[in-house]
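*Asks:* Let me give you the structure first, and then I'll get to my questions.
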Amino acid sequence: MRLVPSLVTGMLAALLLAGGARAGELVIGRAASVGAMDPGFLREPATVVDNVFDTLVMRDAAMKLVPGLATAWKAIDDTTWEFTLRPDVTFHNGEKFTADAVKFSLERVLDPAAKSPTISYIRTIAGVDVVDPLTVRVRTNGPDPLLPTRMSRYPAYIVPPGYVKQVGPEQFARKPVGTGPYVVGEFVPDDHVTMKANAAYWRGKPAIDTVIWRAIPDATARVTALMTGEVGLIEAVPVELGKTLDDNPETSLLRVKNGGLIIYLGLKSGEKPLDDARVRQALSLAIDRKTIVAEVLRNNASLTGTQVGVFDFGYKDEPVPAYDPAKAKALLAEAGYPNGLSIKMQVPRRYINSADVGQVIAQEFAAIGVKAELEVPDWPVYAQMVPAGKQAPIYMLAWGSTQTLDADAAIYPIFRSGEPYSTYSNPEMDKLLDESRRTIDPAARAAVLARAQDLAATQVPALTLYQEDTLYGKRKSVEFKGRADARIPVFDIRIGN
Amino acid sequence: MIRFLVQRLGLSVIVLLGVSAIVFFALFLNGDPAALMLPPTASRAEIDAYRHAMGFDDPVLLQYFRYLAHAVTGDLGTSLRFGLPVTGLIAERLPATALLAVTALTWSTALGLALGVAAAVTRGTAWDLLVRLVALSGQAIPVFWLGLLLLLLFALRWRMLPTGGYGEARHLVLPAVALGAYYMSAVTRLVRVSLIEALGQDYVRTARAKGLSSSRVVLRHALRNALVPVVTVQAMQFASLLGGALVTEIIFAWPGIGRLAVQAIQNRDFPLVQAVVLLSACVFVAINLLTDIAYAVLNPRVRL
Amino acid sequence: MIAPGRVVAAADLLIGGFLLATAALFAIAGPLAWPADPMAGSLLATLKAPGSAAVGAVHPLGTDQIGRDLLARIVRGTQISLAIVLVAGVLGAVLGTLLGLVAGYAGGVADAVIMRLVDIQLAIPFILLILLVMAVVGPGIVNLVVVLGVTGWAVYARTARARVLELREQEFVEAARAIGVSLPRMLGRHLLPNIMAPQIVLLTLDFPRLIVLEASVGFLGLGVQPPTPTLGNLIGDGRAFLLVAPWLVLYPGLVIAALVVGFNLLGDGLVRRMDARAR
C-alpha cells in the first residue's frame, strides 16, 4: 500500500512545515484555485500560468501590443502573418526557444484529437510554418486582423516541445516548464502554487524571488489574511470590505475602473412578452441603476449605456438608460399589459453581489407591475443552460472583450441572431454586425459598430446594467497598479518598505 | 470467527455495490458534462465531439458496467476538471482530512470522556446540569456557525490564529475545534448515560459491596462496559465526520476531501464525486467491520 | 424523596417544551407582532446595526445587505425551516417505519433486501448525498423536503424492525396470526400502535439532525432559493458580511441553537419517561 506511508508523511509534513513572510516573497490570495497548469488546456483563468509562460506578443500596462517572444510581426498577405522570434531565449529546463516550439505549441492545441477546451480562441489558424529557427508564419482561414492579439493570450503560450513530449501532458500540467519570469516549484492543486524567480529570464531577473499563489475561497478570510499580513495581495475584494481595507493603515484597496465585465440582463426577445420592444424598454426604465451601483455595489462599477467597453475599439459613449417607473408603467399599458405580467428571472451568484442585485431588480420590476419570479442557479448548471437556450426569459450574464479589446467580441456573440449566447434576432442588427466583420478600414468599421450600438440603445435587446470594477487589496508595501485585463504579472510588481 | 468475517465481508461488498449504483445513476438524471467543460465560445460540433470522446453518449448501463469494471482495478476515472486520475487527487487530499478528523476526534473523545465521567458520578447535581448544558450547546450549534464564530473572534477580532490555510499547527486549531465540538458533546452525553446505566448494574453493586473504592469501581468496571457504546458510536461518527469536515474545510480553506467534494459537486465533476462518495462508503464499511470485531473483544457477551 | 432522574426528566421536558413553544410562537405570531416585509427593503437602509432606525422604521435586529429587516427575515426563515424539517422528518419516519414493519414481520427476502438498503443508505454521508441530489435535481423547497425525508428513513426502519422482531414472538401477535388476520391489518392494527411511541421519540431526536442538515445545505447555497429566507440561507448569505455586519450570522444561529436544544431536551425527557414506565 502506497497510501498509508504517504498519509503519514503528509500529516507529519503538515505539522512540521514552517512558514511566514520573508523578504523577497509575495503571497497572493485568490478566490479561485489552480487545478492544472497546462496553458494550452486551461479550464480556468490564466492568471497564474501567465507568470510561467510567455506569448509571442504581449500587452503593456496600457493594453498596447508590444513584442514578447516575437520581436516583430507583419502581415505578408491577407491570410499569412510572419513573426520574427527573439534569439537566445531558453526554457526553464534549458531547452532552446525556436520556431519549432511555436509550431508545436499551437498545433497541439489545434489538434482536434487533443480536445483543447480553449481551441476556439485560435480557431482561425489554418497552419503554422517554420521558415527558419527564428522565423515562423501563421496561416489563417480568412483575413484575421486580430491574429497578433490572439497570439497575446492563452492558449497561445509557448511550451517546450522536448519536455512536453518527454513527460507527457499529465505531468506537464503538474510541473509546467516555460520561458516566463517564474519557475514552478511546489504545486498542490486547488491549494497553492509556489514559484521561484527565473534568474535567466530574457527580460531580466524578477525583483521578487518567491511567489506563492494561495486559494482562499472565502472572501472574508481573504481580506483578513491580507490585514494580518499572511498575504500581500488579494483578488476579488468584496465591495463591503473595501472601506475596511482603506481604513487599515497597512493595507489599501486597488480599484481598476472598467476592469471587469459588463453585466446585463439578457432578454428572450423571441417570445412573448419580451418580443415587444416597448416591454423591454419598460423593464429598462424600471431599473434604478444609479442606486444599485451606489448601494449594492458600493460604487464599484461604472454606469454605461452600451455593452462595448470603454477601452474597446469601436466604443460609442451611449447615454446611461434612464430610470422612470411612471413611463415604464405607461409603456407596459401601451404594449397591452395594463395589469402587469409575471415572468421568470435567473440571476447566478457569479458577479459582484449579483444575487442581491437580482433581488433588488425583482423588487423594482414589482413596482411597475412585473412580477419576476427569481431563481439563483448554481453557476456550472446555469453556464450550460444559457448557450443551450434553456435559461429563464430574463437572465443575468456578463460579457466582455478582454480577449481582443474589440467591440465585435463584446456584442457579436450576444446580439447576432443564431449565436449560442444570443437571444435576440433583428435583421438590421445582423446586417450591421456582419458588415463590421467584412470591413477592413478602421474608421468605416468604427462607424458601423457605433450604428449597432445606437440600434441596441433604442431596441433594448438586453438590459445593460453596469461595468464592474476589478478590486484588489494589497499591503501598502506592495507596488502594483492593476491591469485592465485582470492579469497579475508579478514581474512588474515591486515590494517596497 | 472466519465464517463471521467472510459473511461480514460479503455484506460489505453488497453495500458498496449498492452505493456505487446509487451514486452513478443519481448523476445521470440530467446535465451535459461536455457542454459544461468547454468554454462558452465552443461550437456545437466541438461539444458533440468532446461528449463522444468522453463516452457520455453511450447507454447509461454500459457506462455503469464500464465504471464498475474499471473500479475493480483501482481506476475510478479521470477528473473532468483536473484531467488527472481521481484516485491520485483523493490520495493527495487524504492527509489533510485525516489530520483534521483525527485531531478533532482525539480531543473530542478525551474531553468528552472526562466530562461524561464527571457528570455521571455527580449525577443530579448542579455540576451534572452544567456539563449537560455544555454538551447540549455543543450539539446545538451547527458546525458552520461555530466555525464562523471562531473565525470572527479568534482570527478577525483578536487575530490570534490564521483565518485558514494549511501546513502549520496553528492552522489546525480553529477547524479542529469547530469540527470536534459536536463530537465532544455526543461523547459526553453518551458516556454519561451509559456510565449511569453501568453504575446501576448488579456487578458494580457487587464490586462496591466488596469494598472497592468508588473511583476504582467507576474506572475499572463500569467505564469499561460503558465504553462499548462509545466505541460503536465514535466509529460511526468517524464516517459521518466527512459531512462536518465538508463544511469546516470550506470555511477554513482546508485542502481536504470535503472541499474537494463540494467543488466537484459544483463543477459537476462526475468521476470525482463518485469516487469521493465511494471512498467515504468504503471507510464507513471498513470501520463498521472493525467496530463489530472491537465490540466482540470489548464485550465478551457478544458471541461471534 | 423524589428520584433525581425524574426531576431531570421533568426539567428536560419543561425546558425543551418551553424552547420549542417559544420558537413556534415566534414563527407563527411573529409576523403579526412584527409586520415588516421580509422580502423587500429599502436600498437606503442597507447593513444597519441592530436597534438602529432608518428610513422611518426601527430595525431591532438590524438590516441586511439590501436593506431588509433582519427580524422579519428570521421570523419567515424560522417558519420555512421548521416546515421543511417537520414535513421531511415525518416523511422519513413514515417511510422508514413502514419498511421496517415489513422487514421485521415478513422476514426472508424482503427483510434481507430492506436491511441491505438500510446499510447502503447509512454508508453514504447524508450531507454528501443530499448535496449531490440537490445538485442534480436542482434547488427548491419541494426537492429539499423530499431529499431530506427520503434519505432519513434508514434509522426508523432499523428500530421498527428490531421492535417488530420482539413483538412477533408475543402472544397477542401469535393469536392474531392464528385467526388469520390479513397482513395490512396485522401491520396497521397490531404492530404499528405498539411501536408508535418509540418511533415518535426517535423523530423528536431526529429533528435536530434535520435542522442542522437543512441549514448546512442552505449555507452551501443548494437549498431554498433567495429571496426566500431559511435559517441556513440567512447564515450563508450573511457570511460574506461577517466583518461588517456580524448580526446577520449571529441571530439566525441563535435560533437554530434554541431549536436544536429544544428538540434534544424534549426527546431526552421523553426517553426517560418511557424508560421509567417500562420499569
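The values are calculated or read from the model by the stated rules, or taken from the named source; none is laboratory data. Because the structure is predicted, anything quoted here is derived from the model rather than measured. With ideal geometry, Cβ positions are generated from the backbone for all residues, glycine too; neighbour counts draw on all protein chains shown. When the accessible area is computed, the model is the full protein with side chains, heavy atoms only, and any ligands, DNA or RNA have been set aside. Shrake-Rupley method; radii C 1.70, N 1.55, O 1.52, S 1.80 Å.
*Asks:* So who's got an amide H within less than 5 Å of the one on A:Thr135, skipping anything under 5 residues away but keeping other chains? H placed 1.01 Å off N, in plane.
*Replies:* Amide H neighbours of A:Thr135: A:Leu85, A:Ala99.
*Asks:* Using a 1.4 Å probe, what is the accessible area per residue for region A:140-234, in Å²?
*Replies:* 30 Å²
*Asks:* What residues qualify as long-range amide H neighbours of A:Arg298, i.e. H under 5 Å apart, gap of 5 or more or another chain, H built at 1.01 Å from N?
*Replies:* none
*Asks:* In Å² (nearest 100), what accessible area is buried between C and A, both sides summed, heavy protein atoms only, 1.4 Å probe?
*Replies:* 1900 Å²
*Asks:* Carbon-plus-sulfur fraction of the accessible area of region C:142-279, 1.4 Å probe, in percent?
*Replies:* Roughly 62 percent, rounded to a whole number.
*Asks:* Let me ask you something else. Out of residues 5 or more away from A:Thr439 or on other chains, whose amide H comes under 5 Å of its own, with H placed 1.01 Å from N in the peptide plane?
*Replies:* Amide H to amide H, under 5 Å and 5 or more residues apart or across chains, A:Thr439 pairs with nothing.
*Asks:* Here's something else I'd like to know. Could you give the accessible area per residue of chain C, probe 1.4 Å, as a whole number in Å²?
*Replies:* In whole numbers, chain C has 40 Å² accessible per residue.
*Asks:* Follow-up question, since we're still on this one. Step through the table entries A:Lys268/A:Lys371; A:Lys64/A:Lys476; A:Lys64/A:Lys243; A:Lys74/A:Lys103, compare each Cα-Cα distance with 21 Å, and write down the pairs that go over it.
*Replies:* A:Lys64/A:Lys476; A:Lys64/A:Lys243
*Asks:* Quick check: at a probe of 1.4 Å, how many percent of the accessible area of chain A sits on carbon and sulfur atoms?
*Replies:* 55 percent
*Asks:* Taking the alpha carbon gyration tensor of region C:202-279, what are the square roots of 5 times its eigenvalues, largest first, to the nearest whole Å?
*Replies:* Output for region C:202-279: semi-axes of 32, 13, 7 Å.
*Asks:* For chain C, what is the mean residue ellipticity at 222 nm derived from helices alone (per DSSP H run of n ≥ 4: -39500 (n - 2.57); sum divided by total residues; nearest 500 deg cm²/dmol)?
*Replies:* -24500 deg cm²/dmol
*Asks:* Under a 1.4 angstrom probe, counting protein chains only, how are C:Leu122, A:Leu65, B:Leu195 ranked by accessible area, largest first?
*Replies:* Listed by decreasing accessible area, they come as A:Leu65, C:Leu122, B:Leu195.
*Asks:* Return one number: the angle in degrees, 0 to 90 and rounded to the nearest 10, between the long axis of the Cα atoms of helix C:108-123 and the longest principal axis of the Cα atoms of chain C.
*Replies:* 30 degrees
*Asks:* Can you give the accessible area buried between chains B and A, summed over both chains, with a 1.4 Å probe, in Å² to the nearest 100?
*Replies:* Chain pair B/A: roughly 4000 Å² of buried accessible area.
*Asks:* Which peptide among C:140-146, A:296-302 comes first, and what is the full order, when sorted by highest mean count of other Cβ atoms within 10 Å?
*Replies:* A:296-302, C:140-146
*Asks:* Mind checking how much accessible area B and C bury in total, 1.4 Å probe, in Å² rounded to 100?
*Replies:* Summing both chains' loss of accessible area gives about 3800 Å².
*Asks:* Roughly how much of C:Arg185 is accessible, in Å² to the nearest 10, using a 1.4 Å probe?
*Replies:* Number for this one is 120 Å².
*Asks:* Students sometimes get this wrong: rank B:Phe65, A:Phe187 by accessible area, probe 1.4 Å, all chains present, largest first.
*Replies:* Highest to lowest solvent-accessible surface, that is B:Phe65, A:Phe187.
*Asks:* Once you've got the GNM for chain C with C-alpha springs shorter than 10 Å, pick whichever of C:Gly62, C:Gly149, C:Gly96 has the biggest mean-square fluctuation.
*Replies:* Residue with maximal mean-square fluctuation among C:Gly62, C:Gly149, C:Gly96: C:Gly62.
*Asks:* In addition: How many percent of the alpha carbon pairs in region A:129-256 exceed a separation of 21 Å?
*Replies:* Taking all Cα-Cα pairs of region A:129-256, the fraction more than 21 Å apart is 62 percent.
*Asks:* Would you please put C:10-23, B:166-179, B:272-285 in order of how densely packed they are, using the mean number of other Cβ atoms within 10 angstrom per residue and starting with the highest?
*Replies:* B:272-285, B:166-179, C:10-23
*Asks:* Choose one of A:Ile119, A:Leu134, A:Pro67: the residue whose Cα lies farthest towards the positive end of the charge dipole of region A:53-172 (beta-carbon charges +1 Lys, Arg; -1 Asp, Glu; about the Cα centre).
*Replies:* Going by the charge dipole, the pick is A:Ile119.
*Asks:* Select from region A:201-235 all residues whose loss of accessible area on going from the chain by itself to the full protein assembly reaches 20 Å² or more (probe 1.4 Å).
*Replies:* Hits at the 20 Å² cut-off: A:Arg214, A:Pro217, A:Asp218, A:Thr220, A:Ala221, A:Thr224, A:Met227, A:Thr228, A:Glu230.
*Asks:* What Kirkwood radius, in Å to one decimal, follows from the Cα pairs of region A:53-172?
*Replies:* Result for region A:53-172 stands at 14.5 Å.
*Asks:* Spelling out what I want: for every residue of region A:193-203, take phi, set θ = phi - 60°, compute 6.51 cos²θ - 1.76 cosθ + 1.60 (Karplus), and round to whole Hz; glycine and proline get x.
*Replies:* 10, 10, 10, 10, 5, 8, 4, 9, 4, 5, 9
*Asks:* Give the average, rounded to an integer, of partner chain Cβ atoms located within 10 angstrom of each Cβ in B:98-110.
*Replies:* 1
*Asks:* If every alpha-carbon in region A:262-468 counts as one equal scatterer, what log10 I(q)/I(0) does Debye give at q = 0.09, 0.14, 0.15 1/Å?
*Replies:* Relative scattering, expressed as log10 I(q)/I(0), comes to -0.32, -0.79, -0.92.
*Asks:* Oh, and also: If you project the alpha carbons of the protein assembly as shown onto the principal axes, what extent comes out on each, in Å, largest first?
*Replies:* 104, 71, 64
*Asks:* Evaluate chain C: find the radius of gyration of its Cα atoms, find its Kirkwood radius, and give the ratio Rg to Rh.
*Replies:* 1.07
*Asks:* Follow-up. Which order do C:His59, A:His92 take by accessible area at a 1.4 Å probe, largest first?
*Replies:* In descending accessible area the options line up as A:His92, C:His59.
*Asks:* Give or take rounding to whole Å, what are the principal axis extents of the alpha carbon atoms in chain A, in descending order?
*Replies:* Taking the Cα atoms of chain A, the three principal extents are 72, 57, 49 Å.
*Asks:* Would you work out what percent of the accessible area of region B:96-139, with all protein chains in place, is carbon or sulfur (probe 1.4 Å)?
*Replies:* 81 percent
*Asks:* What list of ³J(HN,Hα) couplings, whole Hz, do you get for region A:291-306 from phi and the Karplus terms 6.51, -1.76, 1.60, once you set θ to phi - 60° and write x for glycine and proline?
*Replies:* 5, 4, 5, 6, 9, 8, 9, 6, 6, 9, 7, 10, 6, 8, x, 9
*Asks:* Along region C:77-88, what does the Karplus equation 6.51 cos²θ - 1.76 cosθ + 1.60 (θ = phi - 60°) give for ³J(HN,Hα), rounded to whole Hz, x for Gly and Pro?
*Replies:* In residue order, the calculated couplings are x, 4, 3, 5, 4, 4, 4, 4, 5, 5, 5, 5 Hz.
*Asks:* While we're looking at this one, here's another question. Please state the charge dipole magnitude for region A:262-468, taken about the Cα centre, from unit charges on C-beta atoms (+1 on K and R, -1 on D and E), reported in debye and rounded to the nearest 20.
*Replies:* Charge dipole, region A:262-468, about its Cα centre: 260 debye, nearest 20.
*Asks:* FRET efficiency for A:Gln166 and B:Phe25, Cβ-Cβ distance as r, R0 = 35 Å, nearest 0.05?
*Replies:* 0.25
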